[in-house]
1. Hey, among the residues in the stretch 93-117 that are surrounded by fewer than 16 Cβ atoms within 10 Å (Cβ to Cβ) and touching a residue at least 12 places away in the same chain (Cβ under 8 Å), which one's nearest to V26 (Cα to Cα)?
2. Would you say K59 is farther than 17 Å from V123 by Cα, part of a helix (DSSP H, G or I) and either under 12 Å from the mean Cα position of the chain (by Cα) or modelled with pLDDT of 90 or more (or both)?
3. Any idea which of F44, F30 is surrounded by fewer than 16 Cβ atoms within 10 Å (Cβ to Cβ) and either at pLDDT 90 or above or in a loop (DSSP other than H, G, I, E, B) (or both)?
4. Please tell me if K65 is over 16 Å from the mean Cα position of the chain (by Cα) and modelled with pLDDT under 90.
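The values are calculated or read from the model by the stated rules, or taken from the named source; none is laboratory data. Owing to the predicted nature of the structure, the values given are computational and were not obtained by experimental measurement. Methodologically, a virtual Cβ is constructed for each residue, glycine included, from the backbone with ideal geometry; neighbour enumeration extends over all protein chains shown.
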Amino acid sequence: MVSINNHLGTINYTKQFFYSLIGGTVSNCFGVVDMNAGDVKQSFIEKVPVPFIKKFAEKTILAEKGVTVRFKNGKLYIDLHITVMYGVNVATIVKSIIHKVRYAVEEETEFSVEKVNVFVDSVKI
């Protein structure tokens, strides 16, 4: 959970909020086919059969797929793992994603986004 204090009080942002905001922004970018598991926890959960995942946890797991958010010294660091469509300019897609994610997060939260790392894990035909 990330908190910010202002003259009106304290605002708390959960990681689920960031996962939903960032995941939705990336999924709507042209050329992005899918989000991939970004860490060991996400990889493990991706392999577990769906009946073993509780219904309330399923939304959380799907939202955080491919998104890692770290908060240090008042700045956000975001890692994204994606699959892109074959035949598109990967460099252009990555620049677009970085720009859109930085804009969406800074507009919604007023936190400074220090770095957005985009990892293109695969290309889908």
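1. Checking each candidate, the answer is N117.
2. Against the criterion (farther than 17 Å from V123 by Cα, part of a helix (DSSP H, G or I) and either under 12 Å from the mean Cα position of the chain (by Cα) or modelled with pLDDT of 90 or more (or both)), K59 does not qualify.
3. Working: F44 fails: either at pLDDT 90 or above or in a loop (DSSP other than H, G, I, E, B) (or both).
That would be F30, the only listed residue that is surrounded by fewer than 16 Cβ atoms within 10 Å (Cβ to Cβ) and either at pLDDT 90 or above or in a loop (DSSP other than H, G, I, E, B) (or both).
4. no
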